[in-house]
Amino acid sequence: MLKTFRIGGIHPNEHKLTAHCPVTPVAVPRQVAIMLNQHIGAPANCIVKKGDTVKVGTLIAEAGGFVSANIHSPVSGTVSKVDKAANAFGQYGTTIIIDTEGDEWEESIDRSPELKEEITLTSQEIIKKIAEAGIVGLGGATFPTHVKLMPPKEFKPTVLIVNATECEPYLTDDHALMLESPDQILVGCRILMKAINVEQAYIGIENNKPDAIALLQQHATRYPGITIVPLRTRYPQGGEKQLIDAILHKQVANGALPVSTGAIVQNVGTAFAVYEAVQKNKPLVDRVVTVTGDHIAKPGNYRIRLGMSMHELIDMAGGLPDDCAKVILGGPMMGKAVSNIDSPISKGCSGIVILDEKHAHRGTIEPCIRCGKCVSACPMGLEPFLLAKLSQNHLFDRAERELITSCLECGCCSYSCPSNRPILDYIRVGKNAVNRIIRSRKQS
Amino acid sequence: MELTVSPAPHIHGRLSASQCMYSVIIALLPAFAVSLYFFGVGALIVTLTSILSCVVVEYLIQKFLLKVKPTIGDGSAILTGLLLGFNLPSNLPVWIVIIGSIAAIGITKMAFGGLGNNLFNPALVGRVFLLISFPTYMTQWPVPSASRWSYTDAETGATLLSKLKEEGSQWVSQVNISDLWIGNQGGSLGEVGAIALLIGFAFLLYRRIISWHIPVSILATVFVFSFALGLGEELSAQASGAWQHAFDFALIQLLSGGLLLGAIYMATDYVTSPMTSRGMIIYGIGIGILTVVIRQWGGYPEGVSFAILIMNAFTPLINNYVKPKRFGRA
Ligand code: SF4
Ligand code: SF4
């Protein structure tokens with residue numbers, strides 16, 4: 001029996017159309033737009049102005065606090081504007097626009113393809129380097145990586161877990177990266193182990209990627225302490241708590257930090273970026289993005305410079321199909337629907353999924369038939385139908401007692417409901433209200 | 001271009017509510033074939049009348065009384081009709097079947113607010129209502145295969161459970177258990193064919209329409225409880241082969257009467273059964289115990305319907321107190 005998490009979960013149709021598409025580099029865009037708030041935490045502070053010339057890798061915005069991240073120029077050229085611009089969801093934020101000229105890189109960056117295995121830096125130096133490179137969680141969470149590597153004093157990490165599950169349907173960027181750069185990922189993993197001072201690491205991969213499992217297993221023999229763990233394909237296995245449960249058989253207590261189990265979880269794409277930053281001095285300026293959908297002409301896994309326009313990338317993949325009705329940033333379970341595709345691609349964008357008219361809309365809402373399918377699907381062991389009803393009726397005290405705040409917003413409940421009830425929509429509203437109440441209680 | 005914007009998740013599972021209902025209907029088809037074989041034209045008339053009148057009653061109430069858009073297409077009224085028919089003897093006159101449908105849909109389902117809001121299983125209320133109102137009609141059982149072409153004038157006899165009740169467990173040795181597996185026994189028209197009912201169960205599990213918890217906990221409870229009773233009786237009578245006897249007794253309890261039909265298709269009704277797997281097991285054990293108690297010591301030879309209805313009443317309580325296994329709270 002393959003390992004997996006112990007409560008709830010679903011197995012949606014995988015739709016991994018691009019599973020066998022190798023990582024394809026995309027030409028440097030003529031212009032990029034860099035948003036200062038593309039990570040969790042404080043926005044970065046812009047340190048360039050109109051007319052400045054920059055190279056690939058030049059620092060253009062500095063972390064605006066402890067939980068924040070540096071941002072570097074992904075192209076060489078001239079800053080043409082620093083102004084407010086709309087992101088993919090129509091929200092405005094400060095954005096640096098750079099017009100590209102040539103492709104000149106900072107001299108300090110090692111662009112040779114040779115694998116550099118030997119790790120010379122100390123734990124502290126590694127974390128500093130990761131912070132300087134502006135690396136954030138590349139699975140979509142965009143939490144600054146260096147912060148996660150420095151857990152509160154009372155917790156001592158004992159193991160590193162690398163999330164290579166890619167449990168969202170459609171997405172294959174991690175899969176393609178694993179097939180392209182297994183050694184770089186494994187060295188990145190060793191670096192992360194050294195950073196948090198642990199001797200053991202597990203890389204969790206779902207068994208719908210047998211080629212990636214085999215390849216990494218074969219390469220991992222050369223790297224002490226790293227074990228590849230094949231997992232039974234099941235969503236949301238990539239959720240931090242679910243992954244820790246699947247691999248270590250330990251459940252993070254309600255309200256506790258994941259690191260209380262001794263595990264620090266990092267995404268596989270992040271491990272690759274860490275390799276590049278620490279061994280090659282390369283800040284985070286590019287990433288792999290899956291562009292996919294049932295009617296896309298050239299779906300694939302593209303390596304793009306950050307700040308490229310989403311529209312431009314979709315055109316590279318054959319353009320928006322005529323029947324396109326919805327564009328999702330990230331996977332179809334937890335990704336967000338985009339209103340503005342002329343916005344730039346940011347660090348957390350793992351994929352762009354394009355749905356047609358038929359799949360873009362929800363079914364008609366019918367009465368709850370009390371089938372309990374939402375309950376058995378919930379990976380947190382909650383009663384989604386009840387939480388939805390309590391939120392709808394503003395019974396927030398009871399919702400809090402029924403643990404609404406531990407909802408992951410994974411969407412398993414809404415996905416499973418045969419009556420098409422928008423369960424999670426209601427729960428989100430209730431959860432926000434309860435969190436507000438808890439905060440105000442703490443203040444008083 | 002106008003893009004649709006809505007919150008995640010952006011995809012939905014393959015099951016719809018009406019697909020769930022129709023799947024249960026499909027799962028019941030093998031059992032229907034068995035009843036047509038053994039009870040002939042009567043089974044056909046009673047089942048069709050029941051389905052048709054349930055659908056019509058629901059339509060009329062929604063259209064003229066509640067003035068809402070009728071939802072008979074969702075399959076739930078058809079399923080209720082089918083299950084009600086399955087719980088009736090195949091020689092029941094049409095007018096009684098129609099009264100049963102009115103009790104099932106009109107009183108039990110619609111008066112409580114329609115699909116999703118009823119406390120009790122509609123088909124079972126229909127059956128029990130008829131059992132109390134028309135006891136003679138409801139306790140005459142056509143003899144299987146004896147009169148396939150007759151309807152209300154079919155030759156009748158006793159069911160196995162009532163014989164067992166009259167004659168005591170010594171009678172067990174006279175039962176041909178393979179008849180029970182294929183359905184060659186007297187009883188409500190849809191409850192007789194054990195194998196056919198189990199095939200439907202496998203289909204429902206495979207399609208994930210229901211989970212194993214309720215049926216298995218009911219059947220296991222009835223088996224274990226009956227086995228213990230049988231064994232106690234045999235041992236006190238100092239009979240030889242007590243274990244074998246007790247086993248046969250327990251197996252007969254499983255395969256006769258409405259137990260399989262009730263455990264697989266009636267007790268698992270979404271609306272009236274608990275939502276969590278732990279709740280389902282408690283509910284199933286409750287039904288199992290009540291069934292044996294009624295069969296053994298109650299006024300009726302058969303107790304499944306009553307047992308399920310009693311546990312239906314406890315479902316809200318179970319839902320309130322039995323919570324799912326929470327993540328991170330071992
Ligand atoms: S979204 Fe929340 S309530 Fe719904 S299944 Fe996921 S964790 Fe459970
Ligand atoms: S899945 Fe939908 S219909 Fe079933 S209990 Fe949950 S909310 Fe009700």
Among A:S440, A:F385, A:P418, whose Cα lies farthest out toward the positive end of the dipole of the stretch A:373-443, if unit charges sit on the beta carbon of Lys, Arg (+1) and Asp, Glu (-1)? A:S440
Sparse-neighbour loop sites [GluC sites (Glu not before Pro); the stretch B:123-182; at most 15 other C-beta within 10 Å; DSSP]: B:E155
Summing Lys, Arg as +1 and Asp, Glu as -1, what charge do residues with Cβ under 10 Å from the Cβ of A:L59 carry, A:L59 excluded? -3
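Counting other Cβ atoms within 10 Å, keep those with at most 16, restrict to DSSP loop, and tell me which trypsin sites (Lys or Arg not before Pro) in the stretch A:13-69 are left. List each step's numbers first, then the result.
Numbers: sites: A:K16, A:R30, A:K49, A:K50, A:K55; in loops: A:K16, A:R30, A:K49, A:K50, A:K55.
In loop regions of the stretch A:13-69 (DSSP not H, G, I, E or B), the sparsely surrounded trypsin sites (Lys or Arg not before Pro) are A:R30, A:K49, A:K50.
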What residues qualify as long-range amide H neighbours of A:R287, i.e. H under 5 Å apart, gap of 5 or more or another chain, H built at 1.01 Å from N? A:I304, A:L306
If one puts a single equal scatterer on every Cα of the stretch B:166-312 and applies the Debye formula without solvent, what log₁₀ I(q)/I(0) results at q = 0.16, 0.20, 0.21, 0.22 Å⁻¹? -0.85, -1.24, -1.34, -1.43
Peptide A:332-343: average number of partner chain Cβ atoms within 10 Å per residue? 3
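Can you tell me the dipole magnitude for the stretch B:71-208 around its Cα centre, using point charges on the Cβ only (Lys, Arg +1; Asp, Glu -1), in Debye to the nearest 20? Display every interim value, and only then the final one.
Working: 7 positive and 7 negative charges, 79 e Å.
So the dipole magnitude of the stretch B:71-208 works out to roughly 380 debye.
Rounded, prolate or oblate: which one fits chain A, using the alpha carbon gyration tensor with axes a ≥ b ≥ c (rounded when a/c is under 1.5, else prolate when a/b beats b/c, else oblate)? Before the final figure, lay out the partial values.
Details: a/c = 1.44, a/b = 1.25, b/c = 1.15.
Rounded is the answer for chain A, as its axis ratio a/c remains below 1.5.
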Based on the alpha-carbon gyration tensor of the stretch A:244-385 and its eigenvalue square roots a ≥ b ≥ c, which shape applies: rounded if a/c is under 1.5, prolate if not and a/b is larger than b/c, or oblate? oblate
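Is the protein assembly as shown best put as rounded, prolate or oblate by its Cα gyration tensor, with a ≥ b ≥ c the root eigenvalues, rounded for a/c under 1.5, and otherwise prolate when a/b is larger than b/c, oblate when not? Working shown, then result.
On the way: a/c = 2.81, a/b = 2.23, b/c = 1.26.
Here the protein assembly as shown falls in the prolate category.
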Can you give the helix-only mean residue ellipticity at 222 nm for chain A, where every DSSP H stretch with n ≥ 4 adds -39500 (n - 2.57) and the sum goes over all residues, rounded to the nearest 500 deg cm²/dmol? -8000 deg cm²/dmol
If packing is taken as the average count of other Cβ atoms within 10 Å, what order do B:4-16, B:100-112, B:26-38 fall into, highest mean first? B:100-112, B:26-38, B:4-16
Largest-first principal axis extents, alpha carbons of the stretch B:157-241, Å: 47, 29, 18
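Give me B:I264, A:I314 ranked fewest to most by other Cβ atoms within 10 Å of their Cβ, as a rough exposure proxy.
A:I314, B:I264
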Once you average over the residues of B:318-327, how many Cβ atoms of partner chains fall within 10 Å of each Cβ? 6
In whole angstrom, and with the biggest value first, how far do the Cα coordinates of the stretch A:9-105 range along each principal axis? 50, 32, 25
Over the C-alpha atoms of the stretch B:18-321, what are the Rg and the largest Cα-to-Cα span, Dmax, in Å? 18.7, 67
Cβ-Cβ FRET estimate between A:A297 and B:I26, R0 fixed at 60 Å, reported to 0.05: 0.90
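Express the C-alpha Rg of the stretch A:368-444 as a ratio against the empirical globular expectation 2.2 N^0.38 Å, rounded to two decimals.
Values: Rg = 12.2 Å, N = 77, 2.2 N^0.38 = 11.5 Å.
Relative to the rule-of-thumb radius for its length, the stretch A:368-444 sits at 1.07.
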Mind listing the Cα extents of the stretch A:123-280 along all three principal axes, in Å, largest one first? 40, 38, 28
Which of B:L65, B:L180, B:L219 moves most in a GNM of chain B, Cα contacts under 10 Å? B:L65
Under 12 Å between alpha carbons, and skipping anything fewer than 8 positions from A:K116 in its own chain: which aspartates and glutamates qualify? A:D183, A:E276
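For chain B: lysine pairs with Cα atoms under 27 Å, gap of 8 or more or different chains, count?
Numbers: B:K63/B:K109; B:K67/B:K109; B:K69/B:K109; B:K109/B:K323.
Number of lysine pairs found: 4.
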Distribution of pairwise C-alpha distances over the stretch B:1-124, 10 Å bins, in %: 13, 38, 28, 13, 6, 2, 0
Starting at 0 and stepping by 10 Å, how many percent of the alpha carbon pairs of the stretch A:383-426 end up in each bin? 31, 57, 12
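Charges at C-beta only: +1 for Lys and Arg, -1 for Asp and Glu. How large is the resulting dipole of the protein assembly as shown about its Cα centre, in Debye rounded to 20? Write out the running numbers ahead of the final one.
On the way: 64 positive and 59 negative charges, 368 e Å.
Rounded to the nearest 20 debye, it is 1760 debye.
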Mean-position separation - Cα centroids, the stretch B:261-330 and the stretch A:188-258, in angstrom: 41
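Any read-out appearing in this document is the output of simple, stated calculations on the displayed coordinates, not a laboratory observation. Because the structure is a prediction, the values reported are computed rather than measured. Note that we place each Cβ from the backbone using ideal geometry, even for glycine, and neighbour counts take in every protein chain shown.
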